[in-house]
Amino acid sequence: MSTVESRPRIGAGVNRVDGPRKVTGTAPYPMDFSVPGQAYGALVQSTVAAGRIVRMHTEAAEGAPGVITVITHENAPKVGTGPVTVLGASPPPPLRDDRVVHHGQHIAFVVAETPEQATAAARLVRADYEATEPLLDLQDPRAEQLVDPWGTDTSRGDSAAALESAEVTLRATYTTADNTNNPLGLFATLAAWEGETLTVHDTSQWPSMVRTCLAMVFGIPESSVRVLVPYVGGGFGAGLRAWPHVILTAMAARMIKRPVKLVLTRPQMFTSVGHRPSGVQWLSVGATRDGELVALDHRSLSSLSMEDNDYEPFAWASSFAYRCPNVTTQDRQARLNVAVPTSMRAPAEAQGNFALESALDELAHSLRMDPLELRLRNHTDVDPRNGLPWSGKALLECYEVGARRFGWSDRNPEPRSMRDGNWLVGYGMASALFPYFAQPCAAQATVNRDGSALVRSAATDIGTGTYTVMAQLAAEELGLSLDLVRFDLGDSDMPNAMMAGGSGLTGALGNAVHDACRRLVRSFAELACGDADSPLLGFSPDDVECTDGKVHPVGRPHLGESYADILARHGLSELTANGNSTPPVATELGMSLAGAYGAKFVEVRVDADLGLLRVARVVSVIDGGRILNEKTARSQIIGGTVGGIGMALFEDTVTDPRTGRIANGTFADYLVAVNADVPEMDVVFVGEPDRGTATGTKGVGEVGLVGIAPAIANAVYHATGKRLRELPITLDALL
Amino acid sequence: MTDVASRRDAGERPAPPERVVTLTVNGRSYALRMDTRVTLLDALRDRLGLVGTKKGCDQGACGACTVHLDGRRVLACLTLAAQAEGRAITTIEGISGTDGPHPVQQAFMEHDGFQCGFCTPGQIMSAVALMAEGRAGSDEEIREFMSGNLCRCGAYPNIVAAIREAATRGGHDARL
Ligand code: FES
Ligand code: FES
């Protein structure tokens, strides 16, 4: 079904079409919108992690200057619950009752004439609690454990017996910290009602879902809700839910009959919009002496909040990452009194791949084998779960190109053997994948009388380049130059789109855009081929294509005419077509959908005396299928790598073990990678268009992050001889 | 919901301190009557509608709100509007020339020095000041002096490349 043979494997690295707006400060993010008469909200958050609110003291706030209302569970209207999506149930709506399930839970919402007044008054709201002891420790036996919450546990062969009889075994435990998405753009919501019609500007990666959610919550038709988000100040997963603060803002606007705007504070970003959950992973690996895997047992336990879902099967991908006859993977989640975790760039894979790729490095060293060679020996070109070939997997090429560009063969295999002055030098590598994911998607394409095209979908561009690559794709399908094509997004009134998440949007939306454009061309072809005044008269609409702005019989551009001519002759102002995509099914294709692959090679330097750790070099070789725009795709890999460096070395959301309060909820205390932490990077794309879908893309938003943390940890071992199984790797662990 | 309007009107609490502050932004003067607690960032964004300057933390830790005061970079979230009185304030809206984008803006576009674009106004304001300060002499220097501007999308290598190119072209630093 692939139609991409004639298309470039790596698309032109054109500049972003939204670049001019972004560099001039004219791209409007949700926090930048205002409407006349708007009031401002401020959140009051609980100061205990578990228990009950006995009494709310709102009088002082109500009497403060400019205050319009104070909403608590005592006066909040009852609202409905949002939908169950592919990510699980919607977050519970706010202010339902007197229960407190985590520190920082929203317990009141103050609305005032100015932001300063709202913030000042929110500080005056007090609550009396009947606090109970919070559950905060992942391994607390009292915590409820969800067993296989996603139905993703796997088992093939007999891993226990195979471990028992393996020539070599390795058992190790790995832990990863809570990380907070922390997109730079503070999340904002501006809600305005006109009668029973609600318009919301919201920081969302999924406006179609937010629309559904708000309709359900307020009991109004979906057609009465419009969610707008032309620009998102980053998301990394934080924008994948309709969060309680969004509902609160819309609720307040309805109550006071005025628009209300809320901008979260940075500390509130730690408790209100999700985070990557911490976890423990237990790996047991069995192998032959020459490095063939015979058994793999990968189990995880990760943290979850009391009343929410989060899709994080850490261990799942170990069931298909390598060829191995006996595999068990199991994922468990423990309910704790913590703020709700949610997907954060490369959810589950970031953590699971750290454990697996660290364990393989340990195995390689214990076998005195090159870690790259170990991976090559266990590579699989078929999906070990079902024996089907992958729809595209150029991982071997990733290894080969990466090793060459990095100079992997220069490495002295002995740990602590390479030095540059006082720096211990280490090389590490890891394999990476991010599984295929897609959801249904729709798009609409129009060609106007002036020959320009407008393509639309309710998708978002969270920095991934959606505006640009979809315009490029549409231009290609319609045979128009890029400057004649505009792609609009970020409006739930447009055709439904899936989330910007799971590295799925480019593929799913791309296929919908492809479909819409094909149908549109077909409409033009049908008009022209039946028209006595057209040079296409008599040709079959099946044999028509578009190049250089002309609709013409395949291979005969001289017999073409422009879209504008066809429209003019038929007295039409435009032609429009709708397109859809649904995720392909592996059994129908006879192929397993592959997702993206990569090989990461890292050089670190560790100060022999001070333990200072620097990432000196990173080479990422990525099989992302067909790349629509080399420039923006490269940026995705660079950005993922920076996120991976953060995860490996800095990011750690610290929760006070007694109170459940996040102790480092600011950008001054929660460390992320800054410019000086990030070296030059080499990014290369290899492979072929994916055979499973029409456009052949795979999605590269996440695979850039995967594998960086283990490659760093493995390089640290090579530099120092110290095996670090806990992230982040901090200086004290290296002293 | 509690209706508190009547009590507020009765003036049970003292009104917050207000005064008129005159700000000169991108060459234009504005007289604003406002709460003295208002930061320069909020004055620009909420009072003047100059929303190109971004708020990423409001705590002086991210650089998204970087503007120039008399040509030097400052964090607008840590500056009270009243402190900026009588000084030349330049924001991202005042950086482009009449004949097109500033060379730093152009270089950011060419090198894809952003993704979501939220940090970009702050990055560009920092970069312009950095070059004027003669601190864009090497990649090391750029990385170091740009480290007050977080980019959560991780565009750093492209930001460095953009500044390197703009500095080279602009001839602000002979060492390049
Ligand atoms: S908003 Fe001023 S430094 Fe972050
Ligand atoms: S471009 Fe998104 S934070 Fe820098």
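Read-outs throughout are calculated quantities, based only on the coordinates presented, and are distinct from any laboratory measurement. Note that this is a predicted model, so its numbers are computed, not measured. Counting neighbours? That spans all protein chains shown, and the Cβs are built from the backbone with ideal geometry, glycine included.
Quick notes on this structure:
- Cα-centred dipole magnitude for chain A, charges only on beta-carbon of K, R (+1) and D, E (-1), debye, nearest 20: 600 debye
- Value of [θ]222 nm, deg cm²/dmol, for chain A, DSSP H segments ≥ 4, -39500 (n - 2.57) each, nearest 500: -7500 deg cm²/dmol
- Sequence-distant residues sharing a close amide H with B:Thr22 (under 5 Å, placed H): B:Leu32
- Cβ-based exposure ranking for A:Ser302, A:Ser46, A:Ser457, in which fewest neighbours within 10 Å come first: A:Ser46, A:Ser302, A:Ser457
- Backbone phi angles across region A:317-323, fed through the Karplus curve with coefficients 6.51, -1.76 and 1.60 (θ = phi - 60°), yield HN-Hα couplings of 5, 5, 6, 9, 6, 9, 6 Hz in residue order; Gly and Pro are listed as x.
- Sparse-neighbour loop sites [trypsin sites (Lys or Arg not before Pro); region A:631-723; at most 14 other C-beta within 10 Å; DSSP]: A:Arg658
- Order of A:Cys441, A:Cys546 - criterion: other Cβ atoms within 10 Å of each residue's Cβ, fewest first: A:Cys546, A:Cys441
- A cut-off of 5 Å between modelled amide H atoms, ignoring neighbours fewer than 5 places along the same chain, links A:Val686 with A:Ile622, A:Asp623, A:Gly624.
- Candidate aspartates and glutamates for bridging to A:Lys722, where Cα separation is under 15 Å - those fewer than 8 sequence places away on the same chain excluded: A:Asp361, A:Glu362, A:Glu414, A:Asp607, A:Asp609, A:Asp732
- Once backbone amide H atoms are built at 1.01 Å from N, A:Val294 has A:Gly286, A:Ala287, A:Thr288 as its partners under 5 Å, excluding neighbours fewer than 5 places away on the same chain.
- Under Karplus coefficients 6.51, -1.76 and 1.60, residue-wise ³J(HN,Hα) of region A:64-79 in Hz, glycine/proline x: 6, x, x, 6, 9, 7, 10, 9, 10, 5, 6, 10, 6, x, 6, 10
- Backbone phi angles across region A:692-706, fed through the Karplus curve with coefficients 6.51, -1.76 and 1.60 (θ = phi - 60°), yield HN-Hα couplings of x, 9, 4, 8, x, 7, 10, x, 10, x, 10, 4, x, 7, 4 Hz in residue order; Gly and Pro are listed as x.
- The alpha carbon centroids of region B:64-121 and region A:481-518 are separated by 32 Å.
- Most fluctuating residue given options B:Cys77, B:Cys62, B:Cys116, as computed from a GNM of chain B linking Cα atoms under 10 Å: B:Cys116
- Which listed pairs, of A:Lys22/A:Lys550; A:Lys600/B:Lys54; A:Lys22/B:Lys54, have C-alpha distances above 23 Å, in listed order: A:Lys22/A:Lys550; A:Lys600/B:Lys54
- In chain A, taking the dipole from charged Cβ atoms about the Cα centre, the farthest positive-side position among A:Pro689, A:Ser90, A:Gly51 is held by A:Gly51.
- Taking a Cβ cut-off of under 11 Å around A:Ala49, the surrounding Lys, Arg, Asp and Glu residues balance to a net charge of 0, with basic ones at +1 and acidic ones at -1.
- Of the DSSP H helices in chain A, those whose Cα atoms cover at least 20 Å axially and whose Kyte score averages 0.0 or more: A:505-529, A:630-649
- Within chain B, helix-based [θ] at 222 nm, where runs of 4 or more DSSP H residues each add -39,500 (n - 2.57), nearest 500: -8000 deg cm²/dmol
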